[in-house]
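The values are calculated or read from the model by the stated rules, or taken from the named source; none is laboratory data. Nothing here was measured: the structure is a model prediction, and the numbers come from that model. Cβ: placed from backbone, ideal geometry, glycine included. Neighbour counts: every protein chain shown.
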Amino acid sequence: MKQLELYHKEFTLHLTSPEIKSAIEKAMELLRTHNRIFFLGNGGSNSICSHYMEDYMKMMSKRTFSFTDAAMITCFANDYGWEKAMEEWIKFQFMPGDLLVAISSSGESKNILNAVKTAKALGGKVITFSGFNKDNSLGKAGDVNIVTPTRSYGIVENLHSSILHLMLDQLQGL
């Protein structure tokens, strides 16, 4: 099974990387010390945001938010354009001292990059999850950047989800 071997190789490579281990430790410290956490992503990354917004709220007693409501997304996209929709939502909701978790498989989504810039300008901290190219724009934009440079959407999205879950487990002492 070629795909099984590829997933095993990529997961092992990334989860044993000293750079990723260090980034995970730094990300956990931000997650531990921030009480309001925002999650942003597109497509599959958006569903990851919805999942972990719920888990971090329920299991860590954090106040969590995500840009996942269809009516809100279409309202903001209609009023501000897709590239500015998340940024404008951040302007309404985000406060100094908040934490943004921004997820983009390519690391080049303009709407995510605009939201990250705004969150930082508003005095927040940012953890980014990106993939594909190790030099992608999002992978340089956060206070902590977790980059999984592989071309497979499945591997990138599953690694992002797995890392968010392993951090949650670690923070809970499991």
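Structure summary
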read-out	value
Exclusive hit being outside any helix (DSSP H, G or I), under 20 Å from residue 173 (Cβ atoms) and at pLDDT 95 or above, set 37, 24	37
So residue 64, is it part of a helix (DSSP H, G or I) and either surrounded by fewer than 16 Cβ atoms within 10 Å (Cβ to Cβ) or touching a strand residue (DSSP E or B) at 6+ places or on another chain (Cβ under 7 Å) (or both)	no
Counted residues, the stretch 147-174 - those being part of a loop (DSSP other than H, G, I, E, B), touching a helix residue (DSSP H, G or I) at 6+ places or on another chain (Cβ under 6 Å) and of a type in the set (A, V, I, L, M)	0
Selected residue [within 14 Å of residue 41 (Cα to Cα), at pLDDT below 95 and not polar (S, T, N, Q)] from 102, 70, 85, 115	70
Every residue from the stretch 117-130 that is under 21 Å from residue 148 (Cα atoms) and surrounded by 24 or more Cβ atoms within 10 Å (Cβ to Cβ)	127, 128, 129, 130
Positions within the stretch 87-113 being within 12 Å of the chain's Cα centre (by Cα) and over 27 Å from residue 134 (Cα atoms), in sequence order	none
Contacts under 6 angstrom Cβ, first residue in the stretch 32-49 being touching a residue at least 40 places away in the same chain (Cβ under 8 Å) and surrounded by fewer than 17 Cβ atoms within 10 Å (Cβ to Cβ), partner assigned to a helix (DSSP H, G or I) and among the polar types (S, T, N, Q), 6 or more apart	none
Candidates 72, 57, 86 - the one that is surrounded by 21 or more Cβ atoms within 10 Å (Cβ to Cβ), part of a helix (DSSP H, G or I) and free of Cβ contacts under 8 Å to residues at least 60 places away in the same chain	86
Test: residue in the stretch 106-117 that is touching a strand residue (DSSP E or B) at 6+ places or on another chain (Cβ under 6 Å), of a type in the set (Val, Ile, Thr) and part of a helix (DSSP H, G or I)	yes
Some residue of the stretch 127-146 being in a helix (DSSP H, G or I) and more than 20 Å from residue 113 (Cα to Cα)	no
Residue count for the stretch 131-174, restricted to those that are closer than 12 Å to residue 104 by Cβ, crowded, with 17+ Cβ neighbours inside 10 Å and in contact with a Gly (Cβ under 9 Å, 6 or more places away or on another chain)	14
Flag if residue 48 is within 17 Å of residue 163 (Cα to Cα), outside any loop (DSSP other than H, G, I, E, B), of a type outside the set (Asp, Glu) and in contact with a His (Cβ under 8 Å, 6 or more places away or on another chain)	yes
